[in-house]
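What follows is a single structure, written as structure tokens, with notes after it.
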Amino acid sequence: MFIAGNSYSGEKNTRFSVVRYGNVMGSRGSVIPFFLSIKDKGVLPITDARMTRFMISLEQGVELVWHAFEDMEGGEIYVKKIPSMKVVDLAKVVAPDAAHEFVGIRPGEKLHEQMIGEEDSHYTYEYPDHFKILPAINNWDTCEKRIKDGTKVAKDSAIRATKTRSG
């Protein structure tokens, strides 16, 4: 999701940043409403038993967007710290008695999402509830005004923190 903020001090100064989060629970594209709609059939199709997805509530997503509006200088990517869940576990919660039919991974689909890639980890800072990836241009990734109270992540630790925690 892209967000833009304007500063109105006599002239327009439009800034753009990005908010990155996982699957919004209950949204149109979420697997939860799909499972709810077919749970009475007694069988839920699941891509792969190992598949995981990051899950976020609508409220958490909105809070991150508002935080980004208040915090951004422009060009940042905000990534909410959220849990990943096995799709099989979601299916068990939605329909505990339903059988699972494993239908296979579709072309381009991943078993596990990754919110921060290795290439971004070098420019990533950690905060209590989120990560912030700073732009690498113009030395913005070392700009104190953009970093604020963030802590630079150790190489690849952001990746580990945003990968699935499944066994």
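The values are calculated or read from the model by the stated rules, or taken from the named source; none is laboratory data. All values reported here derive from a predicted model rather than from experimental measurement. Cβ placement follows ideal geometry from the backbone for every residue including glycine, while neighbour counts extend to all protein chains displayed. For the accessible areas, the whole protein counts, side chains as well, though only heavy atoms, and no ligand, DNA or RNA atoms are used. Shrake-Rupley method; radii C 1.70, N 1.55, O 1.52, S 1.80 Å.
Figures for the structure shown
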quantity	calculated
Residue selected from segment 73-127 under the condition within 30 Å of Asn13 (Cα to Cα) and hydroxyl-bearing (Ser, Thr, Tyr), by the criterion surrounded by the most Cβ atoms within 10 Å (Cβ to Cβ)	Thr124
Failed criterion for Met85 (all others in (1) at pLDDT below 95; (2) assigned to a loop (DSSP other than H, G, I, E, B) hold)	(2)
So Val93, is it free of Cβ contacts under 8 Å to residues at least 24 places away in the same chain, closer than 30 Å to Asp141 by Cβ, assigned to a helix (DSSP H, G or I) and of a type outside the set (D, E, K, R)	no
Looking only at segment 25-52, and only at residues there that are open to solvent by less than 30 Å² (accessible area, probe 1.4 Å) and in a strand (DSSP E or B), the one that is farthest from Val94 (Cα to Cα)	Thr52
Positions within segment 109-159 being farther than 30 Å from Met51 by Cβ, touching a residue at least 24 places away in the same chain (Cβ under 8 Å), not in a strand (DSSP E or B) and not small (Gly, Ala, Ser), in sequence order	Leu134, Pro135, Ile137, Trp140, Cys143, Lys145, Arg146, Lys148
Filtered residue count, segment 27-44, keeping only those that are in contact with a helix residue (DSSP H, G or I) (Cβ under 8 Å, 6 or more places away or on another chain) and either among the basic types (Lys, Arg) or within 18 Å of Lys86 (Cβ to Cβ) (or both)	6
Sole exception among (1) open to solvent by 20 Å² or more (accessible area, probe 1.4 Å); (2) out of contact with any Lys or Arg (no Cβ under 6 Å at 6 or more places or on another chain); (3) without any contact (Cβ under 8 Å) to a residue 40 or more places away in the chain for Met55, by number	(1)
